[in-house]
1. Among the residues of region 52-64 satisfying the criterion of being of a type outside the set (A, V, I, L, M) and buried (at least 17 other Cβ atoms within 10 Å of the Cβ), which is modelled with the lowest pLDDT?
2. Please go through region 75-99 and pick out each residue that is modelled with pLDDT of 80 or more, under 13 Å from LEU48 (Cβ atoms) and surrounded by 13 or more Cβ atoms within 10 Å (Cβ to Cβ).
3. Please go through region 61-77 and pick out each residue that is within 14 Å of ILE47 (Cα to Cα) and either among the hydroxyl-bearing types (Ser, Thr, Tyr) or without any contact (Cβ under 8 Å) to a residue 12 or more places away in the chain (or both).
4. Limited to region 33-51, what total is found for residues that are modelled with pLDDT of 85 or more and either assigned to a strand (DSSP E or B) or exposed (fewer than 13 other Cβ atoms within 10 Å of the Cβ) (or both)?
Amino acid sequence: MKRRTKAIMAIMVFCVLMSGCADVVPYQMSTEPELVGFWHGLWHGMILPFAWLCSLFSDSISIYAVYNNGDWYDFGFILGCGALSSSASSSCNSNKRGR
C-alpha cells in the first residue's frame, strides 16, 4: 500500500511541476500578436494534457494558439501530441513484457 501511495504522490508532484510549463500570452502581446510556427506548435502539443487540465479552471489558458501561422503550427502540434502518446504507449508495452 505504501508503494501505491508513493506512486500517486509522485504523479501529483510531477503534474504540478509540469503545469508551470503552460504557455501564457500577456494581454499587451495579444493586441499585436506575433505569429507562432512549428516549434511553438510542437511545444503546445507536448504540454497539451497539462494545458487542458489548467484550462478547466482558468479562462485565460488555451490549449491551441489562435495566433499561429497555419499549417506548420498544426504539423508541430500534431507531432507534439503524437510524441507524448507514443512515449506513453511504449512505456506501457515495456511494463507488460517485464511481468
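1. Only one residue tops the list, namely SER62.
2. GLY76, PHE77, ILE78, LEU79, GLY80, CYS81
3. Across region 61-77, the qualifying residues are SER62, TYR64.
4. Count: 1.
The values are calculated or read from the model by the stated rules, or taken from the named source; none is laboratory data. Just so it is clear, the model here is predicted, and its values are computed rather than measured. Using ideal geometry, Cβ is built from the backbone for each residue, glycine included, and neighbour counts are taken over all protein chains shown.
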